[in-house]
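Every number here is computed from the coordinates shown, using simple stated rules; none is lab data. Remember, it's a predicted structure, so these values are computed and weren't measured experimentally. With ideal geometry, Cβ positions are generated from the backbone for all residues, glycine too; neighbour counts draw on all protein chains shown.
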Amino acid sequence: MKKKYIVILAAILIICLGTVGFGINALATVKDGQICKGVYIDSVNVGGMTASEAKEAVSNYVDNLKKKTVTVKVDDNEESITLGELGYEVKENDFIDKALEVGRSGNVIKRYKDIQDTKNNNLVYKLDYTLDENKVQDFVKNKLSKYNIPSKNAKLTRKNGKFIVSNHKVGRAVAVRDTMEKIQSVILDKWNKKDVEVKAIVNDAVPKYTKELLQRCNSLLGSFHTTYATSTSERAANLANGARLINGSIVYPNEVFSAYDHLNPFTTDNGYETAGAYSEGKVIDSVGGGVCQVSTTLYNAVLYSELEVVERSPHSMIVSYVTPSRDAAIAGTYKDFKFKNNTEVPIYIEAFTVGRTITFNIYGEETRDKGRRVEYESKVLKKIDPPKDEVTEDKTKPSTFKEVTQEAHIGYKAELYKIVYQDGKEVSREVINTSSYAAAPRYITVGTKEDKEKEKAEKEKAEKEKAEKEKAEKAKADGKEDTDTKKSDDADSSKDSTTKKDSTSKTGTTDKTSTADSSKTDSSTKSDSSKTQTNTKDTSGDN
């Protein structure tokens with residue numbers, strides 16, 4: 001009886017356990033294709049939704065967020081923009097998969113526990129959002145920066161030998177990077193999903209060149225001058241114009257000054273006239289001819305200021321206004337003189353012409369020792385003799401014409417030494433440039449017009465002399481024929497003596513006349529020859 005009771009009790013227990021297990025299993029199972037109740041994605045309740053329903057609901061939610069506005073204030077001004085315009089997007093798209101996993105992983109007990117916890121406490125998946133940094137930057141730069149108040153640099157001028165420095169002005173400017181980071185932080189980290197206001201970060205905009213900085217430009221660092229006493233008025237005008245264009249230039253720290261940029265364009269509209277210039281070994285007329293003396297004078301002032309020379313080229317041929325290696329040519333864009341302000345203070349360039357002298361003064365802050373002095377020495381390494389004269393014939397000029405259109409140029413190879421003295425004692429000597437100058441021939445133009453006329457005259461004279469010579473020889477031949485006739489008459493003894501006398505007299509007359517003609521012809525020929533020689537001698541003297 002007791003045994004039977006135990007069996008019945010066990011059966012009842014098994015049935016109860018099976019019923020409970022079935023119920024637990026049923027409670028631990030989420031309906032197929034649906035998200036567990038109590039699951040939220042951000043503020044969207046997606047419990048009981050299918051994956052596609054949940055995705056659409058979240059998408060609508062995010063689209064509404066994109067319509068929210070961000071208003072950024074710049075002092076008393078403001079600009080607004082929507083989150084969508086700032087590129088607001090969900091960073092990751094796997095939130096649906098995560099929501100579907102709830103209640104579907106682990107054993108029945110774990111699944112049951114997850115489902116019940118989610119129903120009672122809700123499970124919220126936070127979405128990660130991002131902003132397009134380029135769009136945020138464009139907004140700050142294009143919309144907010146227009147409220148900047150620009151700063152103003154101090155200005156340096158020189159009048160009556162004294163510097164005048166104007167006041168600088170401090171401005172206001174939106175700090176672009178800082179304001180961008182603030183907008184991103186408010187939206188991505190602290191946002192309550194409502195329209196939001198952000199105050200832009202605005203800083204004082206201190207000008208780069210303040211009055212205090214420019215006031216430090218007060219010392220003469222280097223000076224140099226060259227003369228042009230024999231230049232044409234046009235060349236002198238070009239030097240004065242070049243000085244005018246550079247005068248008052250300020251070269252700020254680390255800036256590079258280009259002589260070509262300041263002197264260009266070389267046109268009459270820019271104040272230049274036509275004067276001599278070097279081109280392919282010749283002196284030609286060119287608008288702006290002579291400006292190389294401007295750049296050369298500036299180069300030497302820079303050397304004495306001990307500023308950094310960036311670019312310098314010698315002339316193609318030697319110049320007369322400085323010693324070899326101390327020149328600085330300008331030619332198109334391939335030859336320029338450039339220097340860099342390698343100091344901490346702006347450099348001021350003063351340039352002027354007085355009495356056929358051009359002068360450059362360079363001012364800045366003197367930081368060199370008081371006992372320091374620099375000098376520059378030119379050393380010729382080699383001289384090159386000019387080639388033979390180049391002669392050009394001019395058919396429009398007479399043969400007596402001769403003009404030297406360009407004197408010969410000696411070629412040189414030279415070095416320039418920088419010599420540093422400290423307290424009057426030489427402490428260093430170094431080569432700072434090596435320059436080569438081409439030799440050039442003397443160019444001469446000669447006339448050839450009369451040479452052809454002279455050749456024609458000589459030809460005519462030769463033909464005349466030939467004709468006269470033939471005439472003389474013919475006359476001589478006629479006289480010989482008369483003599484032969486006389487001899488024949490003398491041999492005839494049967495003729496009357498009177499007739500013989502008459503014949504002899506006649507023959508003698510004929511001989512005398514022939515001799516006279518011959519003599520006259522010879523004399524005439526001799527006289528013409530002397531005259532011709534005299535004319536030839538005179539013509540040679542005109543060459």
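Here are a few things to note about the model shown:
- Pairs from the list Lys91/Lys113; Lys143/Lys182; Lys67/Lys199 with a Cα-Cα gap above 27 Å: Lys91/Lys113.
- Lysine pairs within the stretch 358-446, Cα separation less than 13 Å, 8 or more sequence positions apart or different chains: 4
- Residues Arg368, Arg312 in ascending order of nearby Cβ atoms (within 10 Å, fewest first): Arg368, Arg312.
- Modelled spin-label separation between Lys397 and Asp178, with each label point placed 7 Å from Cα along the Cα-to-Cβ direction: 7.8 nm.
- Prolate/oblate/rounded call for the stretch 292-337, Cα gyration tensor, a/c under 1.5 rounded: oblate
- Length available on full extension from Asn121 to Thr434: 0.36 nm per residue minus the Cα-Cα distance, which gives 103.8 nm.
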